[in-house]
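Shown next, in structure tokens, is the structure this report addresses.
None of the figures in this text is laboratory data; all of them are computed from the coordinates on show. All values reported here derive from a predicted model rather than from experimental measurement. Note that we place each Cβ from the backbone using ideal geometry, even for glycine, and neighbour counts take in every protein chain shown.
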Amino acid sequence: MKLLAITACTAGVAHTYMAAKFLEKAAKKQGYEIKVEKQGANGIEDRITAQDVAQADGIIYATDVGVAEQERFESLPNVHCKVAYAIKHSDEMIEKIVAEAKNSDREKPDAAAVAAASQAAEESQDNVVMKFLKDWYGGALSGVSHIIPLVIIGGLTVGLLNLFFGYDYTHLYNLTQEQLADKAFMADFSTTTQGIIHYLYYIALKAFNPLLVCVLAAFTAYGMVGKPGLAPGFIGGYVAMGGTFGKLSVVSGGFIGGLVAGAAAALFVMLLRKIKVPSVLESVKTLIIVPFFAGILTILFMLVGPGKFFAFLNNELGLFLQSLSGTNLLILGFILGCMSNFDMGGPINKAAYLFCIGMGTNGQTEFYAAFTAAKCIPGMSLGLMATLFPRFFDKEDRAAGTSTAILGFCGITEGAIPYAVKDPLRIIPFQMLGGGVAAALILSSKIKIGTVAGGAVFMLPVISEPLTWLTYFVIGVAVAIAGTIALKTFWKRGDLAADLGVSK
Amino acid sequence: MDLTTLTTAELINLQVEVSSREEVINLLADQLDAAGKLADKAGYLKAVEEREEEGPTALGENLAVPHGKTNAVKEASFAMATLKNDIKWKGIEGDEDVSIVFLLAIPDAEAGSTHIKLLTDLTCLLVDDDVREAMIAATDKQVVLDLLTQA
């Protein structure tokens, strides 16, 4: 039997937690599983999920104050008592809820229904279009996470080739038609350094094109509708990439095309699933009808339907961004850098990240080079500050300084979050500015990076102009440090509260 | 984690002789005030008093955890006392015998701060029978401090 409990007292520090402990102890003693959600001064801790509710047999409210979001537990058998009573009589409360649960005729829904129900609950908040767009965003993140390994393989291969052979190694793979047809020459060629490099280069190219966009489309669809989305997604991605079918080939849809293909595949799967068939044909539907028609429809959509528009869009966007120079690139870089450091790994940061990765897979890796510098700045600057200027930071932050700097060096922004959360108004602005400055400088100098993932300061070897990049990065860090220290010096915490009209 | 960041040796009292709930609360509140943890002692005592009115803070097992959550508290902290003679404390079913008292001072601070987290850890610690008994039996402040450090 699985039990739930909510504990909440007025101060939210003492009784809430003690009652939780006592209930856990008592449940364990009597051999029941229990999950206790504490609604205290720290907010909701150990939140009970929709799935917990579905699997539970009953809930104990040990509360002196109102229960937050009580509607979550409407369907459950319940008992109620004061917090202090639960501390003293935890055994009795467990016995009570067990008895209550046994009397109840509530049937536990099965796991599938639970998942559907929790989905439905979320669904009801949005209309169909919003729901689809949200799903798409989630799917896109899943897609991007699945292309990262490919990007690493392809990107590092190209990066290493750059490192060892310089940027102009095109002569290595420019083979004539005669050479390619000459079997003896090719056999020889494949055992030479030149030959190996040739193959490496092609592996790298294939990792990018068309494989990467296919995987992106497939896993975008997978993230939205699960396994049935995979095959239509792969095919849609292939079409989006200008994959050829006989003599037919289409404009390359690139990154955007892949995302659209994934969404289209998922959409068709969703629609086809709605078709009602007699239950004998249910397995035929899953095995044949859905993948077949979803695949065909996705191909048609990408070839002749709106997919083509997105392919066009992708191309135009690429051309437009390529044509940008000087001031425009400075502005774009600045915006991307600011976005990167605004929420340090949150949705705004992710939007900039998606954009830069997308541009990178189109071959415009300068966006990711710029983004990499920006995202390394908060960790580096705050870590360094906490070490160099400890008086501006509390004990905890000082202790975390070194590790935060190392995380920043490795391109992980999250280490900076604790600093930002404690003092957002004085920390975030200059992290954004520092990131913006560095990204603007790097983007406008069109510095390339050999990999469009896992960007970090130690990626210097695969950056086309490492010293310039590093200089701009250091400038960004310096701006972030100088600005933040200035803010902390001239805008004291007390003034801050007063300025914002916060009464103490 | 180290709960001694919330208290000091001066705030720990062993085997004190008091005759009432008010007396021990006043004693501990004085110490919190002297240690600079309170901005306004009267305001804090009022909050503790109000909490006592609201419901029992004696939790059985000889333990009482009176507390006040108010902006009269400067810094989250606590003071404790073990009592030579048990005193009567209003419990759930009438008066209870209490021999160990923790007085918590809780600021009206934002949720989730480190100190609030530590205070909640303290209350979890007091649930442990062994810890409580060791504290009641302690004759050396260091024993209590050690128990708090090892939490």
Where Rh is the Kirkwood radius over Cα pairs, Rg/Rh for the stretch A:383-439: 0.95
Within-15-Å neighbourhood charge of residue A:288 [Cβ basis; K, R +1; D, E -1]: +2
Packing-based exposure ordering (other Cβ within 10 Å, fewest first) of B:14, B:122: B:14, B:122
For the stretch A:330-425: rounded, prolate or oblate by the Cα gyration tensor [a/c cutoff 1.5]: prolate
Percent of alpha-carbon pairs separated by more than 17 Å within the stretch B:11-96: 46 percent
Sorted by Cβ neighbour density within 10 Å, fewest at the top, the residues B:98, B:127, A:304, A:280: A:280, A:304, B:127, B:98
Footprinting exposure proxy for A:469, A:491, A:136 (fewest neighbouring C-beta atoms within 10 Å first): A:491, A:136, A:469
GluC sites (Glu not before Pro) within the stretch B:1-96: DSSP coil, no more than 14 neighbouring Cβ in 10 Å: B:17, B:93
Lysine pairs within chain B, Cα separation less than 18 Å, 8 or more sequence positions apart or different chains: 12
Where only alpha carbons of the stretch A:377-486 are counted, the Rg and the Dmax (Å): 13.7, 41
Reachable lysines, given that their alpha-carbon falls under 24 Å from the alpha-carbon of residue A:183 and they are not under 8 places away in the same chain: A:206
q = 0.11, 0.12 Å⁻¹, the stretch A:1-97: log10 I(q)/I(0) [Debye, one scatterer per Cα]: -0.25, -0.30
14 Å Cα-Cα reach of residue A:29 towards aspartates and glutamates, excluding residues that sit fewer than 8 places from it in its own chain: A:91, A:92, A:95
Mean residue ellipticity (222 nm) of chain B, computed from DSSP H runs ≥ 4 via -39,500 (n - 2.57), nearest 500: -12000 deg cm²/dmol
Sparse-neighbourhood loop sites, GluC sites (Glu not before Pro) in the stretch A:23-112 - DSSP loop, at most 11 other Cβ within 10 angstrom: A:74, A:107
Over chain B, volume per residue of the alpha carbon convex hull, in Å³: 97 Å³
Residues of type lysines that residue A:25 reaches as a straight line, Cα spacing below 16 Å, ignoring anything fewer than 8 places off in the same chain: A:2, A:35, A:38, A:88, A:96
When the convex hull of its Cα atoms is projected in every direction, mean area for the stretch B:15-56 (nm²): 3.4 nm²
Nearest-0.05 FRET efficiency for residue A:47 and residue B:75, computed from C-beta distance (R0 35 Å): 0.75
